[in-house]
1. Which of the residues spanning segment 133-172 are modelled with pLDDT of 85 or more and in a loop (DSSP other than H, G, I, E, B)?
2. With the requirement that a residue be farther than 30 Å from residue 332 by Cα and of a type in the set (Phe, Trp, Tyr), what does segment 253-310 give you?
3. Restricted to segment 693-707, and to residues that are open to solvent by less than 90 Å² (accessible area, probe 1.4 Å) and either acidic (Asp, Glu) or in contact with a helix residue (DSSP H, G or I) (Cβ under 7 Å, 6 or more places away or on another chain) (or both), which residue is nearest to residue 299 (Cα to Cα)?
4. With respect to the numbered conditions (1) closer than 28 Å to residue 648 by Cβ; (2) surrounded by 13 or more Cβ atoms within 10 Å (Cβ to Cβ); (3) within 52 Å of the chain's Cα centre (by Cα), which one is the sole condition not fulfilled by residue 251?
5. Filter segment 271-304 for residues that are under 13 Å from residue 661 (Cα atoms) and assigned to a helix (DSSP H, G or I) and give the result.
6. Residues that are open to solvent by 60 Å² or more (accessible area, probe 1.4 Å), of a type in the set (Val, Ile, Thr), under 29 Å from the mean Cα position of the chain (by Cα) and at pLDDT 70 or above: does segment 527-550 have at least one?
7. Which of the residues spanning segment 442-473 are over 26 Å from residue 169 (Cα atoms) and not polar (S, T, N, Q)?
Amino acid sequence: MSIPGIFRKEYTEKQLQKKLLKRLYIKEDRDYVASLFTKDPKTGKFVCSAQPDKKAQKRLKALAKAVKKNKGLFVAWKLALVLVLAGGIVVFNIVFKNRIAERFAEKGLSTVFGAPVDIRGMEVHLFQGRSAFASMEIGDSKTPGKNLFQTGRGAFDISTGLALRKKLVISDASLLDIQTGTDSTIPLRAWDKEQRKKDEADPDDGRNTSSFLPSLPAMPDFSQGFEDFDYRGLIEAQKENLPSIKALEQIQADGEALVAKWDEKLAASGETVESVSARARRLSSTDLSDLKDINKLTYLQKDLENGYREVQTAVNDAQALRTQLINDKNAIIRRKNNVSEMAGEDYRMLKDLVLLPAGEKADMVSAFASSFIAPELAVYYGYVRKGLAVLHALKADKNDKESESGAEGRRYQQFISFPINDYPDVLISRLETSFAGAYEGLALIENISSDPELAGAPVTVNAALKGDGWQGSLDASADLRENREALGLNFSVDGLGFSLDEGLEGMTIQSLKGNMKGTVSADLSGGYENGRGVLSLVLQDSAIVQTKGGGMVHDTIGGLFAEPVDIDVQGSFDVKDAAVKNLRVSSGFDKVLSQRIGAYLKDQAAQMEAKLRSEVRTYLKERMKEYAQLDTLLSGQDAEALAQVRSVNDAKNLLENKKKEAEAKVKAISDEASRRAREAEEKAREEADRLKREAEERAEDEAKKLKDKVKIPGF
């Protein structure tokens, strides 16, 4: 990649300022480009003498693009282009604007909803800043052939000046006669086209409610008393809720993971042990009997010392590894031993289910109310998420455009000497709607925006609805701003009919019908996928159709519902990871039911308790046997670790013995060398003494001879 042509030209100082530096509005960019040019002493012009690397070349390419963009507004060819465009706008406004606006709006809404959109009767009045349409259908992305909703006439007040700046700012808007779930007139091929483009990550609209349902206790059928009661069946039905079985299953999962972990560790340790042992065997097999060279013996001693240190490290590692394995094994065993102590907790839970005290697990009416309320909460929460997805689609579309333009986009700005108030790319300040069809009502939505930070306020919804014999209201506030994301909801209803026909057999009820009144409110954060909510409802005029038969429960329930009754329901729920969970419901009606049935059960409680306790213990022992293999696997791994410790200890003993043998051999050779040195030293000393005596004797002889030859007179 070479540097752009505008940086390869020669410039006078004036040209450099005018054609390059003044067209860069960021000081860092100006300083950087100025640093690239130096003055040629021969020509007196400025040239780019730098040799930029690839990263710098990429930056220069962006800067060259910015220079070209910032040539100025009043250029002759640009002025001519503006005049041509002005003429085109006039023709467009007369002939094509409505149909093009229809297609543009359909495409934009299709992107937001992920489904085909059909807008009819579009009217655009550019200069008045007003637009309207006769009707609109928005398909349901999950149900081809059905509309998510359709509307009658819609009207919008649009800021024309801001529209020329590519900002859709609507001060007031209205949508009339909104209906949901209607049959669509959009051709099916349009659904096929949108389905191919649809993002797989499209959030669930809540229609599939199975993941939202709470884990409700399986209520026992004790309608005929305890004589033939199936205790084992009760335990089997409740096994997923029994603390001991939950603990056993978790221990088994942890144990299997532990076995897999130690398989890997022992395999790696085994390779080290085998390598060290092999070297120890090789060193210990060296024959020292014929080895006389002290240098070779010394070298062998060093090799033995190194091998011994290595095998000692292996011994320490193997012992530490086995100690860790034993600790892990004992921890699992202790957990298994503690499971037996949970039998009492199992028994108490099952006893609560059978004897129906006033506690939470005995709240039969509350449990069955939960089975009705939970899916309803899931559905409406799904609708809320769908609405939030639309708002986020506007926000995401803006962010995508910003990321495509890149950081260089900031270089193309023109400085404006007077302040302006910026707006989001899309802003609907106020939207009034009306509903028709199965229910009627009005809603006011404010501050719909593609950039919540610029909008500076949360989206608010205030709605009042009514249907066949019921009415309700919704107040909601959704803050989409960064680090402030939160959602508050409050929904109230009065006179909404309900009918529950499944899951009531344990109460000998075939169907339960009535009207519902009350409120549900929630506060969510963390991307609107986590939070808490509360509900307060009254199931008014509740009437039942009983199953055929008789017995204590049948007669008690029949007496309580002899006339329609009101059932009060209080509850709370959590929203976690975009799902309604942990629905907790209580009802004063439970107490009445518990007292009446409890009086009958109390007489038979003693014989029931003994039988239930025995069954729980027997069942737990049977399940404990199923997990016995885990002990065998862990014991096998312990044996393998012990074998590795013994193997490296044997290798250590081999080297230790060979070290002693080498030390003895070196000592023997050293002792022999010392003895010979002493003998040689003694012989040398004797020879020196002999030579000394001989020399002395010769000296005496010479002295005599000399004395005899020299005769001094007078002597």
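The values are calculated or read from the model by the stated rules, or taken from the named source; none is laboratory data. All figures in this text were calculated on a predicted structure; none of them were measured in a lab. Cβ placement follows ideal geometry from the backbone for every residue including glycine, while neighbour counts extend to all protein chains displayed. SASA here: full protein model, heavy atoms, side chains in, ligands and nucleic acids out. Shrake-Rupley method; radii C 1.70, N 1.55, O 1.52, S 1.80 Å.
1. Within segment 133-172, 134, 152, 153 qualify.
2. Selection gives 299, 308.
3. The qualifying residue nearest to residue 299 (Cα to Cα) is 694.
4. For residue 251, the exception is condition (1).
5. 283, 284, 297, 298, 300, 301, 304
6. Yes, because at least one residue in segment 527-550 is open to solvent by 60 Å² or more (accessible area, probe 1.4 Å), of a type in the set (Val, Ile, Thr), under 29 Å from the mean Cα position of the chain (by Cα) and at pLDDT 70 or above.
7. 464, 465, 466, 467, 468, 469, 470, 472
Results for (1) open to solvent by less than 100 Å² (accessible area, probe 1.4 Å); (2) touching a Phe, Trp or Tyr at 6+ places or on another chain (Cβ under 7 Å); (3) farther than 14 Å from residue 3 by Cβ, shown as yes or no for each residue.
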position: 16; (1), (2), (3): yes, yes, yes
position: 22; (1), (2), (3): no, no, yes
position: 30; (1), (2), (3): yes, no, yes
position: 34; (1), (2), (3): yes, no, yes
position: 41; (1), (2), (3): no, no, yes
position: 51; (1), (2), (3): no, no, no
